[in-house]
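Worksheet: the structure to be examined is printed underneath.
The values are calculated or read from the model by the stated rules, or taken from the named source; none is laboratory data. Just so you know, these numbers come straight off a predicted model, no measurement behind them. Reconstructed Cβ throughout: ideal geometry from the backbone, glycine too, with neighbour counts over all protein chains shown.
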Amino acid sequence: MAWSHYRTYFLATGGARSWLLAAVAITTRELLNFARSWWLKSWTSHAEHAQASYYGNGYILVSFLDCLAITARCLVWYILGMAASEILFSNMTRSIFGAPLQWLEETPHGEIINRFTSDMNIVDERLPHDLGYMISCTCQVLSILLASSCLFPRAFHRWRDHLRVLHHWSKALICNAEA
């Protein structure tokens, strides 16, 4: 799918404001997921002298908030998908009804309906799901990298240095191959 289609979908959902809301929902969910893991780590590391009810209730609270964040994220995706679907449906319908009569007479009606149905299926089902999954996976990877860099800064810097060396080696190989 061309980037212009994603741009059209982005604008049909409401633009930057709507996607900012989606970003807040995704970020909140990732932060709560991290908090839940951290709380569980804290609970297990203090198991011998900690109050089980304190950590248990805290874990239940963070898990409940995580469930609410997942629900909010799904609701935001649903609202964005519905907004895009309504706008793109009306634009497609307007385009078909505004088409020249010669095109409407020459093109079989079944072909028009099949193509319209197929395109709306992509807009209604595939595009929101695929975009949501892509953005969710990207945010998970970024949150893992961020958490790793905060919790293990030495390892992160060592990996970064190794990646720089590999990058320089690959550039040297390409430059030597071209010469």
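Overview of results
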{"item": "Some residue of the range 34-48 being of a type in the set (F, W, Y), modelled with pLDDT under 90, touching a helix residue (DSSP H, G or I) at 6+ places or on another chain (Cβ under 9 Å) and within 16 Å of S136 (Cα to Cα)", "result": "yes"}
{"item": "Sole exception among (1) surrounded by 15 or more Cβ atoms within 10 Å (Cβ to Cβ); (2) assigned to a helix (DSSP H, G or I); (3) of a type in the set (G, A, S) for G56, by number", "result": "(1)"}
{"item": "Residue that is touching a residue at least 24 places away in the same chain (Cβ under 8 Å), among the charged types (D, E, K, R) and within 20 Å of A12 (Cα to Cα), where the choices are D130, D124", "result": "D124"}
{"item": "Filter pass, Y6 being among the hydroxyl-bearing types (S, T, Y), loosely packed, with under 15 Cβ neighbours inside 10 Å, in contact (Cβ under 8 Å) with a residue 12 or more places away in the chain and part of a helix (DSSP H, G or I)", "result": "yes"}
{"item": "Index of the failed condition, C74 passing every other in (1) more than 26 Å from A25 (Cα to Cα); (2) surrounded by 13 or more Cβ atoms within 10 Å (Cβ to Cβ); (3) without any contact (Cβ under 8 Å) to a residue 24 or more places away in the chain; (4) within 24 Å of the chain's Cα centre (by Cα)", "result": "(1)"}
{"item": "Whichever residue in the range 87-109 is loosely packed, with under 10 Cβ neighbours inside 10 Å and not aromatic (F, W, Y) and, among such residues, is nearest to H5 (Cα to Cα)", "result": "G98"}
{"item": "Selection within the range 132-147 - hydroxyl-bearing (S, T, Y) and within 8 Å of the chain's Cα centre (by Cα)", "result": "Y133, S136, T138"}
{"item": "Test: residue in the range 137-146 that is outside any helix (DSSP H, G or I), out of contact with any helix residue (DSSP H, G or I) (no Cβ under 7 Å at 6 or more places or on another chain) and either modelled with pLDDT of 75 or more or not aliphatic (A, V, I, L, M) (or both)", "result": "no"}
